[in-house]
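Beneath this line is the structure, given in structure tokens, with notes to follow.
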Amino acid sequence: MTTWTTDELTRIGGATELKIASRRTDGSLRPYVTIWIVRAGDDLYVRSAYGPGNPWFVRARRSGSGRIRAGGVERDVTFAEPAADAHAAIDAAYHAKYDRYGANIVGTVVGPQVVATTIRLVPAD
């Protein structure tokens, strides 16, 4: 399995926003969607702010792979399940990075209601 470099983790994890595109069945990329990104430890995570029916999230789950752009890095990724014990650290990372936008907005990406909408980004080989 490929891992993130320290530079990629710093640049992507430090970016305020991430552009994410899932793959179609023919392998082409769908249009990029801009979302928030957090780093927790040596992993990168995204969450669907408005539930499991959010179109970008549905397509990402269905395809299992795509491409991201953030912090000057562009990389093919797979969309993986986070470890069950990772969610407290992911919540903390969202709070640390995005609380300045207000509790109503940050509340859409933290807490037990978003566990099922969490994706761990894994660099593709």
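The values are calculated or read from the model by the stated rules, or taken from the named source; none is laboratory data. As the structure is a computational prediction, the values presented were derived from the model and not from experiment. Here Cβ is always computed from backbone atoms with ideal geometry, including for glycine, and neighbour counts include all displayed protein chains.
T5 fulfils the conditions (1) of a type outside the set (K, R); (2) at pLDDT 95 or above; (3) on the phi > 0 side of the Ramachandran plot except for a single criterion, (3). Filtered by the rule that a residue be surrounded by 12 or more Cβ atoms within 10 Å (Cβ to Cβ) and part of a helix (DSSP H, G or I), region 97-112 gives K97, Y98, D99, I105, V106. Looking at this structure, is I119 over 16 Å from the mean Cα position of the chain (by Cα) and β-branched (V, I, T)? No, not satisfied.
Restrict the check to region 52-64 and report whether at least one residue is of a type in the set (S, T, N, Q) and in a strand (DSSP E or B).
Filtering region 52-64 for residues of a type in the set (S, T, N, Q) gives 54, 63.
With the extra rule that they be in a strand (DSSP E or B), the set shrinks to none.
Scanning region 52-64 turns up no residue that is of a type in the set (S, T, N, Q) and in a strand (DSSP E or B).
Taking residues in region 10-24 that are part of a helix (DSSP H, G or I), and partners anywhere that are of a type in the set (F, W, Y), the pairs with Cβ atoms closer than 8 Å and at least 6 places apart or on different chains are I12/W4. Counting only residues that are touching a residue at least 12 places away in the same chain (Cβ under 8 Å), farther than 13 Å from I37 by Cα and touching a helix residue (DSSP H, G or I) at 6+ places or on another chain (Cβ under 7 Å), region 83-104 holds 1 of them.
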